[in-house]
Amino acid sequence: MSSTLPFLPFTKPTMDEETISAVADVLRSGWLTSGPNVKELEAKLSAYFGGRPVRTFNSGTCTMEIALRIAGIGEGDEVITTPNSWVATANVIIETGATPVFVDIDAKTHNIDLKKIEAAITPRTKAIIPVHMCGLPCDMDHLYTIAEKYQLRVIEDAAQAIGSTWKGKRIGSFGDFASFSFQVNKNIMTGEGGCLVLNNEEEAKLAEKYRLQGVSRKGLDGIDVDVLGGKYNMTDIAAAIGLGQLKRLEEFNAKRHTLAKHYFASFGAEFETQTGAELPVADFTQSNWHMFHLVLPERVQRADFMQNMLDLGIGLGYHYRAIHLFTLYRERGFTDGMFPIAERVGKQIVTLPLFPSMTENDVERVVSAVKSLLQTN
Ligand SMILES: *Cc1c(COP(=O)(O)O)cnc(C)c1O
């Protein structure tokens, strides 16, 4: 079985000529590392997040690690997070010397189950890293009530949530730390990159040190190093891409909404009961529709399903396999059965194509392929 239609990937960035020439300008300027474009991108992001301080980095991963360091988290501390995320979310905890503590997810939202967090809190718990999965926000009232009650820092892994809102307020415009990724698959991208929304200028200064060898400068030749930093700064090349993307964020997210709505309409009201597959939460007020997920019924082998879709010219992703079942985490004592919902979802979830330059015809093509495979299964 093969398709004569063009290959449809699960995601693809949108790039315009204006952005390409802005990047070319940077290349011609002689200043390629962090410079005026980084400053401008940080200013625009800060305005976007209601005036809170924002600093950019070369990945969404290091933004979370730096937030943990600013919060003073390390050896002997525990950080609560979700097993259903890109492995970066938990790796950064280990990277600081702290211990990751997983809490299972909610079966519908696929976000960390806030009702189960309190049982995981110990005297050593210092922070929570929740993920707004696919851009569907966690219950922010509930999350921050817990954080306040136990005096915990929150590092929101908002890698997927730029443009998402909670009760009308943008994710990142309120709360504690919010970390965003501009990796090429996200709603806006810089190739690789990320940004951290911070609480005050003091934290922002510390973030600048952690991103560049701990260096602070004064005057023409004044330099000191008083904390151990790394090399995490964003280039002006990347920032120029980010400026072009940020301009179009609302347009991109609006298109994602339209396509996601079309997925629901095309699957139809009977799809779940007829096939046993699970559709995502149909949230069209708060989510930025970073991804559109389908949880396959247990009878379907995901790898076979992905291969059959590939044969029809459609690329799928899977986001994510449960983190605690990776070897690195098993070696730290995690085993099968500890977080059954994340494990089931991790085994059966697929990501359907969804990106701004897709058409409603593409959506219909995906839906009829899915239906034909699930009904003959
Ligand atoms: C993309 C992503 C990250 C990592 O971001 P990078 O920019 O690739 O380092 C972390 N968490 C989640 C939920 C992500 O989607």
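The values are calculated or read from the model by the stated rules, or taken from the named source; none is laboratory data. All figures in this text were calculated on a predicted structure; none of them were measured in a lab. Neighbour counts are summed over all protein chains in view; Cβ atoms, including those assigned to glycine, are modelled from backbone coordinates with ideal geometry. For accessibility, only protein heavy atoms count, side chains too; no ligands or nucleic acids. Shrake-Rupley method; radii C 1.70, N 1.55, O 1.52, S 1.80 Å.
Okay, here's what the table says:
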{"quantity": "Qualifying residue in region 34-56 (condition: within 14 Å of the ligand (Cβ to nearest atom) and assigned by TED's automatic domain parsing to the domain that holds T190)", "calculated": "yes"}
{"quantity": "Residue in region 266-276 that is within 16 Å of the ligand (Cβ to nearest atom) and touching a strand residue (DSSP E or B) at 6+ places or on another chain (Cβ under 7 Å) present", "calculated": "no"}
{"quantity": "C138 being assigned to a loop (DSSP other than H, G, I, E, B), modelled with pLDDT of 95 or more and either out of contact with any Lys or Arg (no Cβ under 7 Å at 6 or more places or on another chain) or of a type in the set (A, V, I, L, M) (or both)", "calculated": "yes"}
{"quantity": "Qualifying residue in region 161-179 (condition: in a loop (DSSP other than H, G, I, E, B), in contact with a Ser or Thr (Cβ under 7 Å, 6 or more places away or on another chain) and among the aromatic types (F, W, Y))", "calculated": "no"}
{"quantity": "Test set (1) closer than 14 Å to L114 by Cα; (2) surrounded by fewer than 19 Cβ atoms within 10 Å (Cβ to Cβ) - G168 fails condition number", "calculated": "(1)"}
{"quantity": "P280 being assigned to a loop (DSSP other than H, G, I, E, B), surrounded by 21 or more Cβ atoms within 10 Å (Cβ to Cβ) and at pLDDT 95 or above", "calculated": "yes"}
{"quantity": "Every residue from region 240-260 that is farther than 15 Å from M291 by Cβ, part of a helix (DSSP H, G or I) and of a type outside the set (A, V, I, L, M, F, W, C)", "calculated": "G242, G244, Q245, E250, E251, T258"}
{"quantity": "Number of the condition not met by A98 [criteria: (1) within 19 Å of V227 (Cβ to Cβ); (2) open to solvent by 20 Å² or more (accessible area, probe 1.4 Å); (3) more than 12 Å from the ligand (Cβ to nearest atom)]", "calculated": "(2)"}
{"quantity": "Unique match (being hydrophobic (A, V, I, L, M, F, W, C), in a loop (DSSP other than H, G, I, E, B) and modelled with pLDDT of 95 or more) among I188, I223", "calculated": "I188"}
{"quantity": "Members of region 288-315 that are open to solvent by less than 20 Å² (accessible area, probe 1.4 Å), away from the ligand (no atom under 16 Å from the Cβ), under 20 Å from K12 (Cβ atoms) and not in a helix (DSSP H, G or I)", "calculated": "L294, G313, I314, G315"}
{"quantity": "Filter result for C195 (open to solvent by less than 30 Å² (accessible area, probe 1.4 Å), within 16 Å of the ligand (Cβ to nearest atom) and farther than 19 Å from K39 by Cα)", "calculated": "no"}
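Quick grid of which residues meet (1) within 16 Å of the ligand (Cβ to nearest atom); (2) open to solvent by less than 60 Å² (accessible area, probe 1.4 Å); (3) in contact (Cβ under 8 Å) with a residue 40 or more places away in the chain:
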site: M189; (1), (2), (3): yes, yes, yes
site: G214; (1), (2), (3): no, yes, no
site: V225; (1), (2), (3): no, no, no
site: G229; (1), (2), (3): no, yes, no
site: G242; (1), (2), (3): yes, yes, yes
site: K247; (1), (2), (3): no, no, no
